[in-house]
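The values are calculated or read from the model by the stated rules, or taken from the named source; none is laboratory data. All figures in this text were calculated on a predicted structure; none of them were measured in a lab. When we count neighbours, we look across all protein chains shown, and the Cβ atoms used for this are built from the backbone with ideal geometry, even at glycine. Heavy atoms of the whole protein, side chains included, go into the accessibility calculation; ligands, DNA and RNA do not. Shrake-Rupley method; radii C 1.70, N 1.55, O 1.52, S 1.80 Å.
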Amino acid sequence: MTAVGEETTALRAPVGTKDVLAPESARWEALVAEFARRAELAGFGLALTPVFEDARLFHRGIGDESEVVGKEMYEFADRGGRAMALRPEGTAPLVRAFVQHHPPVPWKAWYVTPAFRYERPQAGRYRQHHQLGVEVLGTDDPDMDVEVIALASDLYAGLGLRRVELSINSMGCATCRGAYVDALRAFFHEHRNELCDEHRERFASNPLRVLDCKRPACVAVTEGAPRIVDFLDEPCRAHLARVRAGLDALGIAHRLEPRLVRGLDYYTRTTFEFAALALDAAQNAVGGGGRYDGLAEDIGGDPTPGIGFGIGIERLLLACDAEGCFEVRPIDPAVFVVDVSGGEAARDLVHELRVAGIAAVRAYDDRSMKAQLRLADRSGAAYALIVGPEETAAGAVTVRALRGEGEQRSVARADVVAYLREASGAGVAS
Ligand code: HAM
């Protein structure tokens, strides 16, 4: 209800969000189905968790130093006064579900979810975006890292993308990372006057964030910064080597990128990112992930290693547009029912056909025969089923092919479903 005096201008979707309608949505459907198929072939089961969580999950799990939690999270008090947050990503909620339900390990879950981040909207960067992802809990076997990375890599290739580049790095573990962070802090301290305004003040609390900063000043300084790969202890070094050897064995090209730290603070050991070179460099990450061997413990569970990735659906589809691949057309109806006998026949026939598994559409509002036939032609249907007073009297339907010669014949009303099922090349599902 509009309150007295309130304006009645039409409302729009919030800034930074997008409506996805047909026919574009057919691509989303096909993409999710393709991802589900691949994930399930690899032993992942679908996990559905709430879009809002206790805000402490993200503060503890991802870290307040991260932009995602510190600056971008949608937080609110619910009507009971509880601090809630819309999920900014999918990993912490899945680890929370794992800790809560204790499924047998290794637990392999896939998901498709909206994620909410209060970002500055631009092409490829939204306040609600959507991710396809997987998480595995309960093993630190480097072969699992290879399996997870291969799943994403095979998806890109399967969609037809040719220009996707994989970078990988290791964030080390709690032991070796400490020494590295100290060295990095000392390095940035020496170069503090060359850092961007924000990091000149803030580098000391989490120097890793500076490596992720895209501002030219920080990018230039970090060129000469210490590299974490030079600080890895023996187990972390061996882990990285085994992951890289596995990728090589599977023919997955990759590049070691020692400055890849990613924007979330839970990562340990393997981190990786896929960049679509056909997109503008600022928003070309079409997926990323890594290990988070301390996350379950950080949110109150038993120590449990984990690894996963998230793929941005919108960005992935932008990359497909840029490379001219993965074009998906909505499925055409098989049949358009044209009814000029009052509409009851159309009402009953479309229902009967749909129950029989035949995609059927019709016109409404008592249109003329000519108008209905025009709609039938445009609908993409293979057949028009025409019902007029003559057909009604004869207990029949006129079936007209809408493609080719436009042949037509009279079919008994009771035989229509069987006739359509038999008709060859009609695109009629049985
Ligand atoms: P992330 O890198 O923050 O990682 O996001 C994953 C992907 O989501 C990005 O590579 C990008 O494709 C897409 N994305 C992120 N933010 C936006 C945005 N504002 N607009 C459009 N697309 C966006 C994670 O979220 C981790 N949870 C991934 C992970 C899973 N790590 C381990 N397991």
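Quick check, is residue 276 among the small types (Gly, Ala, Ser) and either open to solvent by 20 Å² or more (accessible area, probe 1.4 Å) or away from the ligand (no atom under 14 Å from the Cβ) (or both)? Reasoning before the result, please.
On the way: among the small types (Gly, Ala, Ser): yes; either open to solvent by 20 Å² or more (accessible area, probe 1.4 Å) or away from the ligand (no atom under 14 Å from the Cβ) (or both): no.
It is false that residue 276 is among the small types (Gly, Ala, Ser) and either open to solvent by 20 Å² or more (accessible area, probe 1.4 Å) or away from the ligand (no atom under 14 Å from the Cβ) (or both).
Kindly indicate which of 105, 112, 99 is crowded, with 19+ Cβ neighbours inside 10 Å and touching a residue at least 40 places away in the same chain (Cβ under 8 Å).
Just one listed residue meets the conditions, 112.
How do the strands (runs of 3 or more DSSP E) wholly within the stretch 347-430 filter down when requiring 1 or more residues that are in contact with a His (Cβ under 9 Å, 6 or more places away or on another chain), of a type in the set (Gly, Ala, Ser) and on the phi < 0 side of the Ramachandran plot: which remain?
On the way: elements: 360-362, 383-387, 396-401, 408-412.
Here the list reads 360-362.
Does residue 173 satisfy the condition of being at pLDDT below 90 and within 27 Å of residue 293 (Cα to Cα)?
no
For the stretch 206-216, state whether one or more residues are surrounded by fewer than 21 Cβ atoms within 10 Å (Cβ to Cβ), closer than 24 Å to residue 153 by Cβ and within 16 Å of the ligand (Cβ to nearest atom).
yes
Quick check, is residue 91 of a type in the set (Ser, Thr, Tyr), touching a residue at least 12 places away in the same chain (Cβ under 8 Å) and either over 21 Å from residue 212 (Cα atoms) or surrounded by fewer than 13 Cβ atoms within 10 Å (Cβ to Cβ) (or both)?
no
Scan the stretch 297-344 for residues that are in a helix (DSSP H, G or I) and open to solvent by 20 Å² or more (accessible area, probe 1.4 Å) and report the count. Full working, then the answer.
Step one: filter the stretch 297-344 for residues in a helix (DSSP H, G or I), giving 297-298, 313-323, 344.
Filter once more, keeping what is open to solvent by 20 Å² or more (accessible area, probe 1.4 Å): 297-298, 315, 318, 321-323, 344.
Final tally of qualifying residues: 8.
Give me a count of the residues in the stretch 120-143 that are at pLDDT 95 or above and either in a strand (DSSP E or B) or open to solvent by less than 20 Å² (accessible area, probe 1.4 Å) (or both).
Adding up the residues that qualify gives 11.
Of the conditions (1) under 28 Å from residue 63 (Cβ atoms); (2) of a type outside the set (D, E, K, R); (3) more than 11 Å from the ligand (Cβ to nearest atom), residue 330 clears all except one; give me its number.
Tallying (1) under 28 Å from residue 63 (Cβ atoms); (2) of a type outside the set (D, E, K, R); (3) more than 11 Å from the ligand (Cβ to nearest atom), residue 330 fails exactly one: (1).
With 250, 264 as the choices, which residue is within 30 Å of the chain's Cα centre (by Cα) and open to solvent by 50 Å² or more (accessible area, probe 1.4 Å)?
250
So which of 288, 324, 294 is under 21 Å from residue 35 (Cα atoms), within 16 Å of the ligand (Cβ to nearest atom) and of a type outside the set (A, V, I, L, M)?
None of the other options fit; the residue is 288.
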